Amino acid sequence: MGLPAAASGSTSCHVLAAAASGVTAFIRGAGADPDLVLGEAGFDPRDLEDPRATVPLARYVAMMERAAARSGDSHFGLRFGQQFQPEALGLIGELALAAPDVGTGLAAFARHFIQHQQNTETRLAREGRSLRLEYRIVDPRIWSRRQDAELTMGMFANLLRRALGGALEIEEVWFEHPAPEQAQAHAAAFGAPVFFAAPANAISFRAAGLERPMPARDPARFAALAEELRRIGGGGAPRDLLGAVTSEIRRLLPEGPAGIDRVAASLGLPRWTLQRRLAEHGITYSECIDQVRARLALMYLAEPHLSIAAVAELLGYSEVSAFSRACRRLHGASPETVRRKLGARAMPDSTTGRESPAHTA
């Protein structure tokens, strides 16, 4: 089964090349050939030389996935992000550091991140005495994005460490992808509990010290950097309906069936309006869910450490039998057969990492 029609025709979106600062040396240090990795992602090394140049987001994310594969280090993104300092992020990092105080800097960072990286949702949310810095790619064409999520959370954590110093108390870290093997490395990296299969990638931290001056505070420079980001980054790439529906279904599936009412509400549309607009595109909502589940099933079944039961849960099925029937309908074979065809090694049921906060709410 193919992707939703919108996925192949979506407007291209970009990220500033500063997000790849130092990646060539890091790939080499991980034991892979940088020229091979960049070439497989469609890059010439010169594409990444100017930190203020824009590069396609899909290629950037693919580069990180290829680096992990070629180096044999499944934690490549996690390690790359942990050493990535705020200044290396270019305009968006400099903007945050030049803010008059920590609270203003973090709010500006979240607000302007869309100009650093399009087709992304980034927000700073308050929950009681805590703040949560959230991040999620919403480009429906970008499916495999674990490495990007882990490196981005590392970048965010280093910004918080720079801003708050010893006052920083990270409470939780969330990732939208399933728990990988050796997931304990993530808790060690962030010094906090880590949850997987979450609605978004996020860092939750105690909202203390927000009035502290930022390390490189400079009000005039802060304003100039915001203007330069708007000029270079522009706005977010326009989201089409099918792309938005695909993104929301993917976000909600680990919590259950991802009903149309929840997706319509998240898009700010009445249910009947969403149904009518999907019909204008020649597709039903149930077909949208089938397409997303079909694509994700192939991704998850290729991960040998994920049990069939875990894959079923990630796809929003209440029972393995329901997933098995759907897999036969969508892929013409049982989950076990699909897994064998993908070359993955089946493993017994096991639990890795922690349960998603979506399941504990």
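The values are calculated or read from the model by the stated rules, or taken from the named source; none is laboratory data. Just so it is clear, the structure is predicted and the values come from calculations on it, not from any experiment. Ideal geometry is used to build each Cβ from the backbone, glycine not excepted, and the neighbour counts take in all protein chains shown. Protein only, heavy atoms only, side chains kept; ligands, DNA and RNA dropped before computing areas. Shrake-Rupley method; radii C 1.70, N 1.55, O 1.52, S 1.80 Å.
May I ask you to say which residue of Leu269, Leu252, Leu242 is aliphatic (A, V, I, L, M), assigned to a helix (DSSP H, G or I) and either open to solvent by 70 Å² or more (accessible area, probe 1.4 Å) or over 19 Å from Ala198 (Cα atoms) (or both)?
Leu242
Can you spot a residue in the stretch 81-97 that is touching a Ser or Thr at 6+ places or on another chain (Cβ under 9 Å), farther than 24 Å from Arg221 by Cβ and at pLDDT 95 or above?
For the stretch 81-97, residues touching a Ser or Thr at 6+ places or on another chain (Cβ under 9 Å), farther than 24 Å from Arg221 by Cβ and at pLDDT 95 or above: present.
For the stretch 332-341, check the following and say yes or no: at least one residue is open to solvent by 30 Å² or more (accessible area, probe 1.4 Å), modelled with pLDDT of 95 or more and within 21 Å of Ile260 (Cβ to Cβ).
no
In the stretch 48-68, which residue that is part of a helix (DSSP H, G or I) and open to solvent by 60 Å² or more (accessible area, probe 1.4 Å) is nearest to Arg146 (Cα to Cα)?
Residue satisfying both the conditions and the ranking: Arg66.
Among what's in the stretch 147-170 and is surrounded by 18 or more Cβ atoms within 10 Å (Cβ to Cβ) and small (Gly, Ala, Ser), pick the residue that is nearest to the chain's Cα centre (by Cα).
The extreme case among them is Ala149.
Regarding Ser10, is this residue at pLDDT below 95 and either open to solvent by 10 Å² or more (accessible area, probe 1.4 Å) or more than 30 Å from Asp240 (Cβ to Cβ) (or both)?
yes
Given the criteria assigned to a helix (DSSP H, G or I), in contact with a helix residue (DSSP H, G or I) (Cβ under 7 Å, 6 or more places away or on another chain) and over 20 Å from Leu242 (Cα atoms), does Ala309 qualify?
So Ala309 passes the test.
How do the pairs read when you match residues in the stretch 187-202 that are within 22 Å of Thr120 (Cα to Cα) and among the polar types (S, T, N, Q) with residues anywhere that are in a loop (DSSP other than H, G, I, E, B) and modelled with pLDDT of 95 or more, using Cβ under 9 Å and keeping only pairs 6 or more apart or on different chains?
Listed pairs, sorted by first residue: Asn201/Phe175; Asn201/Glu176; Asn201/His177.
Does the stretch 231-242 include one or more residues that are of a type outside the set (A, V, I, L, M), touching a residue at least 12 places away in the same chain (Cβ under 8 Å) and at positive phi?
Checked against the condition, which is being of a type outside the set (A, V, I, L, M), touching a residue at least 12 places away in the same chain (Cβ under 8 Å) and at positive phi, the stretch 231-242 yields at least one hit.
Identify, by number, the condition in (1) buried (at least 20 other Cβ atoms within 10 Å of the Cβ); (2) free of Cβ contacts under 8 Å to residues at least 24 places away in the same chain; (3) more than 13 Å from Pro335 (Cβ to Cβ) that Arg276 doesn't meet.
Arg276 satisfies every listed condition except (1).
Identify, please: which residue in the stretch 95-133 is closer than 13 Å to Ala226 by Cβ and not in a helix (DSSP H, G or I) and is, among those, most open to solvent (accessible area, probe 1.4 Å)?
Step by step, filter the stretch 95-133, then rank; the result is Pro100.
Going by what's in this entry, would Arg141 be described as open to solvent by 10 Å² or more (accessible area, probe 1.4 Å), more than 21 Å from Ala108 (Cβ to Cβ) and either outside any helix (DSSP H, G or I) or of a type in the set (Asp, Glu) (or both)?
yes
Where residues in the stretch 282-305 are in a helix (DSSP H, G or I) and of a type in the set (Asp, Glu), which of them is nearest to Ala264 (Cα to Cα)?
Selected residue: Glu287.
When residues of the stretch 187-222 are filtered for being part of a helix (DSSP H, G or I) and either in contact with a Pro (Cβ under 8 Å, 6 or more places away or on another chain) or modelled with pLDDT under 95 (or both), how many remain?
3
Does the stretch 290-303 hold any residues that are of a type in the set (A, V, I, L, M, F, W, C) and open to solvent by 20 Å² or more (accessible area, probe 1.4 Å), and which are they?
Hits for the stretch 290-303 are Leu298, Met299, Ala302.
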